[in-house]
Every structure is written in C-alpha cells, then in structure tokens.
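What follows is a short report on a single structure.
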Amino acid sequence: MEKPISHRDLSKEEGLNPRDALDILETRSREAQAELAQRTDAGDGVLKYLAEHGAAATRAAVAANLTTPAPVNRYLAEDDDEDVRVQLARKIARLMPSLRERESAHVVDITVQTLEHLARDSAVRVRAVLAEEIKRLTSVPKDVILALAHDLQHIVAVPVLEYSPLLSDTDLIEIIACGQVREALAAVARRRPLSENVSDALVQSLDVPAVAALLVNPDAKIRKATLDRVVEDAEEIESWHLPLALRVDLSARTIRRIAGFVGAVIIERLAARHDLSAATRTYLNRQLRLRLEEKSDTAEIAANAANMVAGAKASGKLDGNFVEEAALAGQRENIVLALAELAQVSADQVRRILVCGRAQPLVALAWRAKLSMRVAFKIQTSVMKLPGHALLPARGGVGFPLTPEEMSWQLSCFGIER
C-alpha cells in the first residue's frame, strides 16, 4: 500500500520554501500595481488604493496618470516622496490649459488647490519643475505665478520672471525694487517685450548683469534719458560696451560718446553701421586710429606690471603694502595682476570686479586675497572711483562689513568658488 503524500512532502519535492513563495507574491504584486498605476482604465477606486498603499514608484505613476481623480491628486500633493510630487507638478501644470472647459467647477477647484500647494512645496525641485511648466500659461491663478516669481531660489523664480504673461509692469518693478534674488533682475531684463518703465527700474537698480541683458534685448524699450544714464556709467563697466554698441536706437551723439571709451574692436562695429552720417563716420575712423596707437602702449604697461608683480612675489613683498601703493599710484594693471595672484583667481575675473560699479564684490575679493579693509577701501576710491554713496567702509574702522557667507556669495556671482 502506497504511503499518502503530505503537503510537507510536496514542498520538499518542489524545492519552494514559504519565504520564497512570499517573495514571489510580493514581486508579482508590485509589478501588478505598477502596471495598474499607469493604466487609463484602472478606475478611480484602484488609483485611490494605489495612491494610499502603493510603493513610491507606484505612487509616482499614479501621480503622472492623467486619469487620476482630482481628490487623489490633492492627496498625493502631501506625499512624503519628492519624486511623487515632481511627477504630480508636471502633470497638474499640463492639465491647466483646458481644465475649465473639460471639468466641473468642483474638479477645477480641487486642482487649483493642488497647484497652489505645489507652489509652496518645501522641495526646491518641485517648485522649479512647476515654474518651468507653467511659465507661459495664462490659465493659472496669478497668485501662484507671483509666489513663484518672489521665490528666493533663482531656479524657481527665473522662468516665470522671464516668460509669464501674467506679470504686470507694477509686479515687475516691485520685484526689481526688492532685489532679493540677483538672477531675477537679469531674467526680467530678458522679457519680450519690455516697457520703458521697467527698463527705467532696471537701470536704476545699478545691477550690472541685468543692465547688460537689457541692452541686448531688442524688444526692450529704453527712454533716451535712461540710455544716456547707461552711457555715462558704461565707461567703467566693460561688460556694457558691446551691448551698447549693438543697440539700433543710438543717436549720432550717443555713438560718439561710446566711441570715446570703448576699444578698437567695438569702434569698428560702430563704424560698420549703415545709419551714420559722413561726419560721424570720420569721427569714428579717427578714434579707431587713436585706439590702435594706444594698444601698443597698453601692451608695454601690461608687460611692466607683470614684471613688477613677479618681482614682488619673488622677494616676498607681494602684500597689502604693494597693492595699496599701486592703488595710490593709479597702477591699475599692477593691482589686477596682484589681486589675481593673491586671491588665486584669473586676471579677467579681477577686471570684471573692478568695472562692476559695486563695492561688495571688491571687498569680497580683498578678503579672499587676505588683504585688509584699508586696502579694499583704497581700491574703491582710487581705482574704481566709486561715488560716496556707493563706498563700503570698514566695520568698526577695521573689520570687513560683510559676513564670510555674504562675501562667498558675492564672489560666486563672478564664477569664483571657495
């Protein structure tokens, strides 16, 4: 008589232990959930269950699913996983353009609540994705756009500041006045079109990158008086020279003023314009000859400065006294090369700081070069020739007026990292 086969015997024969069986069930369950989460015919109840009980990847798939009901979307806006909220932000933004035509008022209301919650998300990446997706939309609440435009993270604020049609001139001028995010002003300057009032506010901000962006914007309207102010300040700000020369709305008087301080290459660009009178063209050709003659003198000055800095370094005398004496003597190239060596940055970075028109970056550079505030102040007055209201004096007579974090941030704007 044959012995009866027990369940235990069958388990041994097939080689499957209970733990392996559970693993198989769990794996197949996850695969099934992932598939259902992506289906457009899964049904509201299934998607709700997966949003509440699924793994992070499953919840992200539910968040990306265009058929997920509005209440479930609102629930997922509170999800602990950042990737889930990123997928949701991308989808909600893409639903907005035709939402009111397709859905009931109740669904629209819940969806807008979800959008507003994502605009206040604690994760920068979520807000940044949302800003990028809705930057050109007119179908989103203006409050959401304003919240993103005022965001302290430039990766969030810049897209809507540059592109959103919902921002008025008043909104933009208020943001310029706040000046909380440096990159924000340049983003506003790139808007097309840009009104004269906003252009005025940008020039008044004295932000060098923003004004440079304004000048190269062909759709920016700039009043003659405002452009004259830019020309007055541009002599010491090299990054404005070429953008100014490329403006098509320059008068003959303005062209001559620009030719008085720019280099030979830019004068050649000015002379190539087709709207010049014979007298203006003759003036430009004369200025070009002068610049070419000066170029040889400049090369000699640069060689002498390099020799002096190299000699001071070799003798151990490349220090604050060397820089201060060069400042008092007006030896600009000596200061450029000395600061580049002491701060371990490029000479071009130093030159950009010296012509930026602001004291804060120079003070930060002196700090990096381990120079005193006394030397930094001498450079502000004798080399940069800043007006009194723009000078940044020492704190308590000797200390740096900015914190290390503030100075590191100032330097980072010129590509100088710690």
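Details
- Positive dipole terminus of the chain, leading residue within S205, S168, T282 (C-beta point charges): T282
- Paramagnetic reach from E31 in segment 60-92 [backbone N under 19 Å; point 7 Å along Cα→Cβ]: 61
- Ratio of the Cα radius of gyration of segment 77-124 to 2.2 N^0.38 Å, where N counts its residues: 1.16
- Look at the Cα gyration tensor of segment 193-343: its axes a ≥ b ≥ c give a/c of at least 1.5 with a/b at or below b/c, and that counts as oblate.
- For the chain, the mean projected area of the C-alpha convex hull, equal to one quarter of the hull surface, is 34.6 nm².
- Estimated at 0.36 nm per residue, the fully extended path between E82 and L328 surpasses their Cα-Cα distance by 83.0 nm.
- Spin-label model, Q153 to R19: label points 7 Å out along the Cα-to-beta-carbon direction sit 4.2 nm apart.
- Model label zone, D109; criterion: amide N under 15 Å from point 7 Å along Cα-to-beta-carbon; scope segment 54-93: 70-71
- Ranking by accessible area, most exposed first, for H117, H274, H389 with a 1.4 Å probe: H274, H389, H117
- Dmax and Rg, reported as Rg then Dmax, of segment 276-406 (C-alpha, Å): 17.4, 58
- Using a simple spin-label model with pseudo-atoms 7 Å out from Cα toward Cβ, D143 and D169 lie 2.7 nm apart.
- Pairs of Cα atoms nearer than 8 Å and 6+ residues apart set the relative contact order; for the chain it is 7 percent.
- Summarising the amide proton neighbourhood of A220: residues at separation of 5 or more, or on other chains, whose placed amide H is nearer than 5 Å comprise L194.
- Dipole of segment 335-377, positive end: most advanced residue of Q349, W367, L339 [Cβ charges, Cα centre]: W367
- Helix 18-38 axis, angle to the chain major axis (alpha carbon atoms, nearest 10°): 60
- Annotation for E268 and A123: the two label points, set 7 Å from Cα along the Cα-Cβ direction, are 5.2 nm apart.
- Within segment 68-93, backbone nitrogen closer than 15 Å to the virtual label 7 Å beyond the Cα of A56 toward Cβ: 79-88
- When the Cα positions of H389, I416, V181 are compared along the charge dipole of the chain, H389 comes out farthest toward the positive end, with charges on each C-beta of Lys, Arg, Asp and Glu.
- For the chain, the per residue solvent-accessible surface stands at 53 Å², with DNA, RNA and ligands left out and a 1.4 Å probe.
- Extension gain for the segment S408 to R192, taken as residue separation times 0.36 nm less the Cα-Cα distance, is 74.5 nm to one decimal.
- Angle between the chain longest axis and helix 359-368 axis [Cα atoms, degrees, rounded to 10]: 80
- All-pairs Cα distance distribution in segment 48-172, expressed in whole percent, bin size 5 Å: 2, 12, 23, 23, 19, 12, 6, 2, 1, 0
- Considering helices alone, the calculated mean residue ellipticity of the chain at 222 nm is -20000 deg cm²/dmol, with DSSP H runs of length four and up weighted by -39500 (n - 2.57) and normalised per residue.
- The dipole here belongs to the chain: it is taken about the Cα centre, uses +1 on the Cβ of Lys and Arg and -1 on the Cβ of Asp and Glu, and is about 1660 debye.
- Cα centroid separation, segment 366-418 to segment 43-98 (Å): 50
- Rounded to two decimals, the Cα radius of gyration of segment 301-356 over 2.2 N^0.38 Å is 1.01.
- Taking the inverse of the mean reciprocal distance over all distinct Cα pairs, the Kirkwood hydrodynamic radius of segment 344-418 comes to 12.2 Å.
The values are calculated or read from the model by the stated rules, or taken from the named source; none is laboratory data. Bear in mind that the values here come from a model prediction, so they are computed numbers and not experimental data. Backbone-built Cβ (ideal geometry, glycine too); neighbour counts: all protein chains shown. The area values use the complete protein model at the heavy-atom level, side chains included, leaving out ligands, DNA and RNA. Shrake-Rupley method; radii C 1.70, N 1.55, O 1.52, S 1.80 Å.
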